[in-house]
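Undergrad: One structure follows; several queries about it will come next.
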Amino acid sequence: MAESGMNILNWPKNLVDNSTVIMVLNSSKNFFGWQHGRLLPQAVAFVISSVVLGIGTMVFKGKELDRHARELRDASYQPGLDLFPEEAEMRRVSLIEARNFLTATNSVVIDARPLKDFQKSHIAGAKSLSESRFDEAFAQQINLFAGKKKFMVYCDGQHCQMSLRVGQRLKEAGILDVAIFPGGWQQWREAHLPIESQ
């Protein structure tokens, strides 16, 4: 009699019959996927898909975090470096190097932004040589480019490529010592370094 409490198949007929118990057990098997051994393959498939999804998310987030980390480095990092292709073969300068450029002998700072932006405000001592009016401005300032001088070109900042294109035009014109300041106007202004307007 003690066993009858342990096994519901042995319960008295007036409480439950065997066919009802078998039906309940079969329903449970179907509900949990136990029938025909489907639970293990489903569980394995779920785990594999979760792992793949997790790895994919980590890789994507890792690349995003990596990009943001590069952008937020200190002054030794030049913001927007990934926007400047390596084949440009132009030296990049940090904020500290850009600041030192102002006091160096035979050095010229070139503002590649549009003339109206230059006239509003620019790095102290910079000369305007915008991409849109390069030929005209270059001809007007031809003496500026004579002799052995170092040139540093900047534009708005990390998302701006005008400085790179103006730098390339200078190289094509025979100017050899050209450096790009990728941090540009934005980084210079945020550092509260000397500026002027026309």
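Undergrad: Going by the conditions given, is Ile123 in contact with a strand residue (DSSP E or B) (Cβ under 8 Å, 6 or more places away or on another chain), modelled with pLDDT of 90 or more and closer than 24 Å to Leu176 by Cβ?
TA: Working: in contact with a strand residue (DSSP E or B) (Cβ under 8 Å, 6 or more places away or on another chain): yes; modelled with pLDDT of 90 or more: yes; closer than 24 Å to Leu176 by Cβ: yes.
Against the criterion (in contact with a strand residue (DSSP E or B) (Cβ under 8 Å, 6 or more places away or on another chain), modelled with pLDDT of 90 or more and closer than 24 Å to Leu176 by Cβ), Ile123 qualifies.
Undergrad: Could you identify the single residue in Ala139, Ala179 that is more than 15 Å from Val108 (Cβ to Cβ) and aliphatic (A, V, I, L, M)? Please lay out each step first, then the result.
TA: Working: Ala179 fails: more than 15 Å from Val108 (Cβ to Cβ).
Criteria check complete, one pass: Ala139.
Undergrad: Going through Gly125, Gly157, Gly167 one at a time, which residue ends up being among the small types (Gly, Ala, Ser) and under 16 Å from Arg91 (Cβ atoms)? Walk me through it before giving the result.
TA: Working: Gly125 fails: under 16 Å from Arg91 (Cβ atoms); Gly157 fails: under 16 Å from Arg91 (Cβ atoms).
After applying the criteria, what remains is Gly167.
Undergrad: May I pose another question? Checking Arg169 against (1) at pLDDT 90 or above; (2) loosely packed, with under 13 Cβ neighbours inside 10 Å, only one condition comes out false. Which one?
TA: (2)
Undergrad: What are the residue pairs meeting all of these: first residue in the range 186-198, first residue loosely packed, with under 13 Cβ neighbours inside 10 Å, second residue in a strand (DSSP E or B), Cβ atoms under 7 Å, and 6 or more apart or on different chains?
TA: Qualifying pairs under 7 Å: Glu196/His122.
Undergrad: Continuing with the same structure: Which numbered condition trips up Asp177, out of (1) out of contact with any strand residue (DSSP E or B) (no Cβ under 6 Å at 6 or more places or on another chain); (2) without any contact (Cβ under 8 Å) to a residue 40 or more places away in the chain?
TA: Checking Asp177 against (1) out of contact with any strand residue (DSSP E or B) (no Cβ under 6 Å at 6 or more places or on another chain); (2) without any contact (Cβ under 8 Å) to a residue 40 or more places away in the chain, the one that fails is (1).
Undergrad: Between a residue in the range 129-153 that is assigned by TED's automatic domain parsing to the domain that holds Gly184 and any residue that is in a helix (DSSP H, G or I) and of a type outside the set (A, V, I, L, M), which pairs come within a Cβ distance under 6 Å, given they are 6 or more apart or on different chains?
TA: Glu131/Arg165; Phe134/Arg169; Met152/Phe101; Val153/Ser163; Val153/Gly167
Undergrad: Of all residues in the range 138-159, which are surrounded by fewer than 19 Cβ atoms within 10 Å (Cβ to Cβ) and hydrophobic (A, V, I, L, M, F, W, C)?
TA: Answer for the range 138-159, where residues must be surrounded by fewer than 19 Cβ atoms within 10 Å (Cβ to Cβ) and hydrophobic (A, V, I, L, M, F, W, C): Phe138, Ala139, Ile142, Leu144, Phe145, Ala146.
Table: residues versus (1) modelled with pLDDT of 50 or more; (2) over 23 Å from the mean Cα position of the chain (by Cα).
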residue: Arg70; (1), (2): no, no
residue: Glu87; (1), (2): no, no
residue: Val93; (1), (2): yes, no
residue: Arg99; (1), (2): yes, yes
residue: Asn106; (1), (2): yes, yes
residue: Val109; (1), (2): yes, yes
residue: Ala112; (1), (2): yes, yes
residue: Leu129; (1), (2): yes, yes
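The values are calculated or read from the model by the stated rules, or taken from the named source; none is laboratory data. Model, not experiment: these values are computed from the prediction. Glycine gets a Cβ as well: all are built from the backbone with ideal geometry, and neighbour counts include every protein chain shown.
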